[in-house]
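Remarks on the structure that follows.
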Amino acid sequence: MRGPAIAPPAPVGHRRPLRAAVPLAASAALLLSLLGAAPAHPAPDSSARRLQQAFATAAADYHVPQSVLLAVSYLQSRWDSHGGAPSVTGGYGPMHLTDAPTALATAARSAPEHFAGEHFAGGAEDPRGDTARAALHLTASRPAAGAPAPSAVPARLRTLPKAAELTGIPAARLRSDPAANVAGGAALLAAAQRELGAPASADPADWYSAVARFSGADDTATATAYADDVYDVLRTGEERVTDDGQRVTLAARPGPAPDAGRLRRSGLRTLPADGTECPRSVACTSVPAPYEEFGDNDYGNHDLGDRAASQQIKYIVIHDTEGAWEGVMNLIQDPTYVSWNYTIRSTDGLIAQHVKTKDVAWHAGNWDVNARSIGIEHEGFLAAPDAWYTEEMYRSSARLVRYLARTYGIPLDRQHILGHDNVPGPTASTIPGMHTDPGPYWDWRHYFRLLGRPLRRTAGPHSGVLTVLPDYDTNRPVYTGCTTKGEPCPAHGSGEVRLHTDHDESAPLVRDIGLRTDPTDGVNDLSSRVSTGQQYAVAGRWGDWTAVWYLGQKAWFRDPAGQRTAVPARGLVVTPREGLASVPVYGRAYPEKAAYPAGVPAQSVVPLPYTIPAGQRYVIGDEMPGEYYYAVTFTPEAHRVVVGEDRYYEIQYGHRVAFVRAADVTVEDGAAARR
């Protein structure tokens, strides 16, 4: 899903908009225009330990163990303050104290022309990505703008006003002052402990139930999963420098055996699992995407299948919702809309499953990828660097992805764990409309650490393959268009690196001929960007610059010694077979015409407007047969999986992956390849 060229973060563009207006809960519209309200970042505090002291002071004042307070804050924000800007769910400061009504009202005043509770509409991409089934283009009406009454917003999104009551600190200060924010969080934890009838113990183990209640979850499973993550942070410890230059340390404490007894008696509801496919370590509920027929063979919003028995699941695709939880839950239950397999909530990491993994959701804009993938949405905005993805959402997502990877044999690497922005357009005409989420502010480096597969150097210094690996916090390319076209986005860490046509900052950016536009530094312009974890073949070096083969050309990025933005890696590469001047590149790996049985129309194998010229090399992500899932009817009796003799390699071609026919290329050891 893609953010817009003009603020605020755009509703995502799935294949078709709503058949009719969807009544969204007030909090569903939350922060759809929030970026316009984000304040500028303050200058770093002169004392790099001021925030650490704030935790110590708040812990003493409210009789909360400092380690518990630090661990909760880490899970909420990784101790960042985000310059006083609210998160996607209206949370402020290191403790992520939520004040959704204020955040929403501020956003409405800042950009009233954009304030509407519509999600997922307005893009050019056909998320099903299959011309064998005609796309229906239906008209949607937009809900009226307006800020919700506080009573209409869930309690989990109104913790800051309660903190103000408990502390006597004005709400405005709780939103803007990190130290006050920490005090507010400590007061909420102490209040939760009192409400549970527990003493203000100095033993962190005695605070487990209070931590669970702090999550704001109204069910035992979600609250428990949240508390388990807090105590995992307690056991392992953490240390980092925050976004405003504060060094915060939580020493490892391997011992606490938390007491969950009071949580079991706290009256939280039991979450119905209803056959969800999730690991036991997360909170998971079923919110099914309806499978209904409307007549004239029109149906929504996914296709029934029999994966992995009939077809191997090769990819997991990471999306962001471009909208808030309640509204997204309304949309997924609209049978005239589109679908994805899971959504993850920002505040507490709750997972909702919508489509069974055996079935095919319409989420990626490429039918070949849809048929071989699982799509996961994350509550957030691409173009909102300070409407941050919470640590609990990252952790919950990582647990789900690890579980799915184990279940279906999916490698945990960037060739198989794709962003929506890495999915190729299936045909030349679809390339400009493909989506760009989760965008440059998704922290792939941290995510793979949580997946248990940290990205690192895997080869010697002279390898012909590299892995893109900038330091997220200090890597801050200039992006524009987060709120207004051409205007700079707030300075923020990023996992992406910009590419030039020569080893010079003033050299033009690399052009993507498939987009048919000149490259820009726009937050949604993928023409000339590589992303953390992606692997490319080295094409040259010059001083502090390194070149890679990218979109059929040599592309340069800064890679200075002592502050590398890429590391040597091992990997296989493809290059055109001897005697070929170039080979075509494809957006889908479909079978040859002879493979189709009677009754299944043969799908055209048409290359994209790209080639691999002789002498260039591209890293292989996977090898696979040409395959097509024929599913254009409501009833699955006519569905067929067509498998051909042709084989394909998935390669990292540009920012997006692509496919080449095995018959067109030679495979080499990239680490040993000459460059």
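The values are calculated or read from the model by the stated rules, or taken from the named source; none is laboratory data. As the structure is a prediction and not an experimental result, all values here were calculated from the model. Glycine gets a Cβ as well: all are built from the backbone with ideal geometry, and neighbour counts include every protein chain shown.
Going by what's in this entry, would residue 517 be described as surrounded by fewer than 21 Cβ atoms within 10 Å (Cβ to Cβ) and β-branched (Val, Ile, Thr)? Yes, satisfied. Somewhere in the stretch 246-255, is a residue modelled with pLDDT under 90, outside any strand (DSSP E or B) and loosely packed, with under 13 Cβ neighbours inside 10 Å? Yes, that holds for at least one residue.
Considering the stretch 305-327, and only residues there that are surrounded by fewer than 24 Cβ atoms within 10 Å (Cβ to Cβ) and under 24 Å from residue 78 (Cβ atoms), the residue that is nearest to the chain's Cα centre (by Cα) turns out to be 318. Whether a residue is in the same structural domain as residue 567 (by TED's automatic domain parsing), out of contact with any Leu (no Cβ under 6 Å at 6 or more places or on another chain) and of a type in the set (Phe, Trp, Tyr) was assessed, and residue 403 does not pass this test.
Residue by residue through the stretch 150-169, note down the ones that are in contact with a helix residue (DSSP H, G or I) (Cβ under 8 Å, 6 or more places away or on another chain) and in a helix (DSSP H, G or I). 150, 152, 157, 159, 160, 161, 162, 163, 164, 166, 167 - these are the residues of the stretch 150-169 that are in contact with a helix residue (DSSP H, G or I) (Cβ under 8 Å, 6 or more places away or on another chain) and in a helix (DSSP H, G or I).
Can you pull out every residue in the stretch 573-591 that is in contact (Cβ under 8 Å) with a residue 40 or more places away in the chain and over 13 Å from residue 662 (Cα atoms)?
Just the residues of the stretch 573-591 that are in contact (Cβ under 8 Å) with a residue 40 or more places away in the chain, to begin with: 573-578, 580, 583-591.
Within the stretch 573-591, 578, 580, 587, 588 qualify.
Within the stretch 585-607, the residues that satisfy the criterion of being crowded, with 17+ Cβ neighbours inside 10 Å and not in a loop (DSSP other than H, G, I, E, B) are 586, 595. Filtering the stretch 325-347 to residues that are in a loop (DSSP other than H, G, I, E, B) and within 20 Å of residue 274 (Cα to Cα) leaves 333, 334, 335, 339, 340, 341, 345.
Pairs are defined by a Cβ separation below 6 Å, a sequence spacing of at least 6 or placement on different chains, a first member in the stretch 226-248 that is under 25 Å from residue 490 (Cβ atoms) and assigned by TED's automatic domain parsing to the domain that holds residue 78, and a second member that is aromatic (Phe, Trp, Tyr) and not in a strand (DSSP E or B); the pairs so defined are 238/74; 242/79; 248/79.
Considering each of 456, 445, 511 in turn, give the residue that is out of contact with any strand residue (DSSP E or B) (no Cβ under 9 Å at 6 or more places or on another chain) and of a type in the set (D, E, K, R). Please lay out each step first, then the result.
On the way: 456 fails: out of contact with any strand residue (DSSP E or B) (no Cβ under 9 Å at 6 or more places or on another chain); 511 fails: out of contact with any strand residue (DSSP E or B) (no Cβ under 9 Å at 6 or more places or on another chain).
Answer to the selection: 445.
Pairs are defined by a Cβ separation below 8 Å, a sequence spacing of at least 6 or placement on different chains, a first member in the stretch 333-346 that is more than 14 Å from residue 318 (Cα to Cα), and a second member that is of a type in the set (Ser, Thr, Tyr) and assigned to a loop (DSSP other than H, G, I, E, B); the pairs so defined are 335/291; 346/87; 346/89; 346/389; 346/390.
Need the failing condition index for residue 633 against (1) over 30 Å from residue 292 (Cβ atoms); (2) assigned to a loop (DSSP other than H, G, I, E, B); (3) at pLDDT below 95, just the number. Every listed condition holds for residue 633 apart from (1).
Sort out for me the strands (runs of 3 or more DSSP E) sitting completely within the stretch 480-583 that have 1 or more residues that are in contact with a helix residue (DSSP H, G or I) (Cβ under 7 Å, 6 or more places away or on another chain).
Values: elements: 496-498, 529-531, 535-542, 545-550, 553-558, 566-569, 572-576.
By residue number, 529-531, 535-542, 572-576.
Taking each residue of the stretch 350-364 that is within 27 Å of residue 216 (Cβ to Cβ) and looking for partners that are surrounded by fewer than 22 Cβ atoms within 10 Å (Cβ to Cβ) and of a type in the set (Gly, Ala, Ser) with beta-carbon atoms closer than 6 Å, six or more apart or interchain, yields 353/286.
Conditions (1) modelled with pLDDT under 60; (2) closer than 22 Å to residue 345 by Cβ, marked per residue:
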residue: 82; (1), (2): no, yes
residue: 85; (1), (2): no, yes
residue: 110; (1), (2): yes, no
residue: 134; (1), (2): no, no
residue: 140; (1), (2): yes, no
residue: 144; (1), (2): yes, no
residue: 160; (1), (2): no, yes
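Output the residues belonging to the stretch 658-675 that are modelled with pLDDT of 95 or more and surrounded by 13 or more Cβ atoms within 10 Å (Cβ to Cβ). The answer is 658, 659, 660, 661, 662, 664, 665, 666, 667, 668, 669.
Residues are listed down the side, and each one gets a yes or a no for (1) without any contact (Cβ under 8 Å) to a residue 24 or more places away in the chain; (2) buried (at least 19 other Cβ atoms within 10 Å of the Cβ); (3) closer than 28 Å to residue 352 by Cβ; (4) touching an Asp or Glu at 6+ places or on another chain (Cβ under 9 Å):
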| position | (1), (2), (3), (4) |
| --- | --- |
| 166 | no, no, no, no |
| 173 | yes, no, no, no |
| 184 | no, yes, no, no |
| 194 | yes, no, no, no |
| 211 | no, yes, yes, no |
| 217 | no, yes, yes, yes |
| 221 | no, yes, yes, no |
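Take the conditions outside any helix (DSSP H, G or I) and touching a Phe, Trp or Tyr at 6+ places or on another chain (Cβ under 6 Å) and apply them to residue 418. Does it pass?
Numbers: outside any helix (DSSP H, G or I): yes; touching a Phe, Trp or Tyr at 6+ places or on another chain (Cβ under 6 Å): yes.
In short, yes.
Scanning the stretch 369-411 for residues that are under 11 Å from the mean Cα position of the chain (by Cα), of a type in the set (D, E, K, R) and over 19 Å from residue 125 (Cα atoms) yields one hit, 379. Of the residues screened, residue 352 is one that is aliphatic (A, V, I, L, M), outside the structural domain of residue 88 (by TED's automatic domain parsing) and not in a loop (DSSP other than H, G, I, E, B). Of 443, 437, 413, all but one fail to be among the acidic types (Asp, Glu), surrounded by 18 or more Cβ atoms within 10 Å (Cβ to Cβ) and within 17 Å of residue 372 (Cα to Cα); the exception is 413. Please determine whether any residue of the stretch 208-220 is more than 32 Å from the chain's Cα centre (by Cα) and either within 23 Å of residue 171 (Cβ to Cβ) or not assigned by TED's automatic domain parsing to the domain that holds residue 79 (or both). No, the stretch 208-220 contains no residue that is more than 32 Å from the chain's Cα centre (by Cα) and either within 23 Å of residue 171 (Cβ to Cβ) or not assigned by TED's automatic domain parsing to the domain that holds residue 79 (or both). Considered as a group, the residues in the stretch 354-407 that are more than 23 Å from residue 303 (Cα to Cα) and charged (D, E, K, R) include one that is surrounded by the fewest Cβ atoms within 10 Å (Cβ to Cβ), and that residue is 406.
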